[in-house]
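Everything on this sheet refers to the single structure shown next.
The values are calculated or read from the model by the stated rules, or taken from the named source; none is laboratory data. This is a predicted model, so every value here is computed, not measured. Heads up, the Cβs are rebuilt from the backbone with ideal geometry, glycines too, and the neighbour counts pull from every protein chain shown. To get the accessible areas, we keep the full protein, side chains included, count just its heavy atoms, and leave off ligands, DNA and RNA. Shrake-Rupley method; radii C 1.70, N 1.55, O 1.52, S 1.80 Å.
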Amino acid sequence: MKPVHGMGFVVLRTMKLRRFTNAAKALLLILTVTFSVEAAHYHRSTNPALIARAEQVTGDSFPVVTTTPRGVTVFARTTPRADILSAIDGGFSELFAVAARHGYRNRIRFDDYTVFIGRADRSKNSQGQYSPDIAVPAQQYAGTDYDQGGFIYAAGMVLAFNPCAFVIAEHDRDLGRVANVVRFEGEHLILYYNDRALYERTADHSRGGGHPILQ
Ligand SMILES: [Zn+2]
């Protein structure tokens, strides 16, 4: 939305203003105000440091920003399909239901979360099953079974705690997997804000353990 308003604004600005009728001036004013509102909304829902981090981890850029029907902020390379956005909501719904069973109160709203959808660096796992994953630096996984030679394949990865953000890979099918990855990455963030000790014990899978952490 922002580029459309922005372009309208730029085009009008480059025209000769003195030739404008009053009506055209009014239109210019309206477009300018619309642009400002959009820009303000854009900056409120985003965070340059977070986007830089996502770009650095994935090697992708994320020109598209949208929200799911329930309010999760989503950054993507191309406009995500509606069923992908619904699958993201589904993953969070399950996560929040589990969180409620544990009496957790923090970060249990859809609009607490930002999801980046990055390019998949592989589409199948080593068993040949559909498994869109992203390659991320091995770091603490170096030398473990996960290590592919300096990187690991991850279904998702936490990017930031404030705002709560993680990245998943683009899927064109198996939306149940999308929901699961969202629910699983979300577990780390929910635990960070509601049970820090359990978060610390479960955050690093190079020391064993996986998902689900919470039942
Ligand atoms: Zn995990």
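A few notes on this one:
- Residue under evaluation Asn162, criteria (1) surrounded by fewer than 19 Cβ atoms within 10 Å (Cβ to Cβ); (2) in contact (Cβ under 8 Å) with a residue 60 or more places away in the chain, criterion not met: (2)
- Under the condition of being open to solvent by 50 Å² or more (accessible area, probe 1.4 Å) and either under 21 Å from Asp60 (Cβ atoms) or among the small types (Gly, Ala, Ser) (or both), the residues counted in the range 165-183 number 4.
- Selection within the range 90-147 - β-branched (Val, Ile, Thr), open to solvent by 20 Å² or more (accessible area, probe 1.4 Å) and modelled with pLDDT under 95: Thr144
- Test result for Arg177, in contact (Cβ under 8 Å) with a residue 12 or more places away in the chain, closer than 23 Å to Gly103 by Cβ and not in a strand (DSSP E or B): no
- Of all residues in the range 194-210 being modelled with pLDDT of 95 or more and among the hydrophobic types (A, V, I, L, M, F, W, C), the one that is farthest from the ligand (Cβ to nearest atom): Ala197
- Hits in the range 96-122 - residues which are assigned to a loop (DSSP other than H, G, I, E, B) and closer than 24 Å to Pro80 by Cβ: Arg107, Ile108, Arg109, Arg119, Ala120, Asp121
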